[in-house]
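The values are calculated or read from the model by the stated rules, or taken from the named source; none is laboratory data. Just so it is clear, the structure is predicted and the values come from calculations on it, not from any experiment. As a convention, Cβ positions derive from the backbone with ideal geometry for all residues, glycine included, and neighbour counts pool all protein chains shown. Ligands, DNA and RNA are excluded from the accessible area calculation, which covers all protein heavy atoms including side chains. Shrake-Rupley method; radii C 1.70, N 1.55, O 1.52, S 1.80 Å.
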Amino acid sequence: MSIQRVVKHLQFGAVLVSAAALLGACGEPLAGEEAEQEAAGAGDTVTAFDILPPTATMGCTKVGTNVSCSGSGANGVTPYTYQWQVVDDFGGGSTSPYWYNGTTSYNDYCQFGLYTYGTYWTKYIRFRIVDANTYVSNEVTKSYRCWTPN
């Protein structure tokens, strides 16, 4: 056999082996591979669908003129950033674009009484959380009627 025929024969053999390897890599797993893949990946993978969106809850109490609120978070990815929004509405609206980072508690002042003078207004206290993935939770709102002398 000439050298040229040997080289041509080797080239054809290399192409045949490459094609067989490529076809063997595609398709369904070989016998025994499927069980190994299932055992190796059982419960190890977390997808975005497994993580519930963050949820905020808040409770407030008013004793005398002191308003105390406590908030908490669930779901999402910890750690959370706790955010508060307080609007003293004297007739200009009950919302604000501003949120302030804080802790899980907030205290404020709100005097109320039945008077023929002064100004009555509404205090809105809102709480939400932002999780480690920057997803924002629901907003929880509590409002109180307050009074101030003129």
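The accessible surface of segment 43-150, taken with every protein chain in place and a 1.4 Å probe, is 53 percent carbon and sulfur.
A 1.4 Å probe run over segment 66-143, with the rest of the protein chains in place, finds 58 Å² accessible per residue. With a cut-off of 12 Å, note down the residues of segment 108-123 whose backbone N falls inside the zone around a label point 7 Å from the Cα of Thr148 toward its beta carbon. Residues 109-111, 119-123 fall inside that zone. Entry note, segment 97-150: relative contact order of 42 percent, from Cα contacts under 8 Å with a spacing of 6+ residues. Using 0.36 nm per residue and subtracting the Cα-Cα separation, the extra length available between Val136 and Ser70 on full extension is 22.0 nm.
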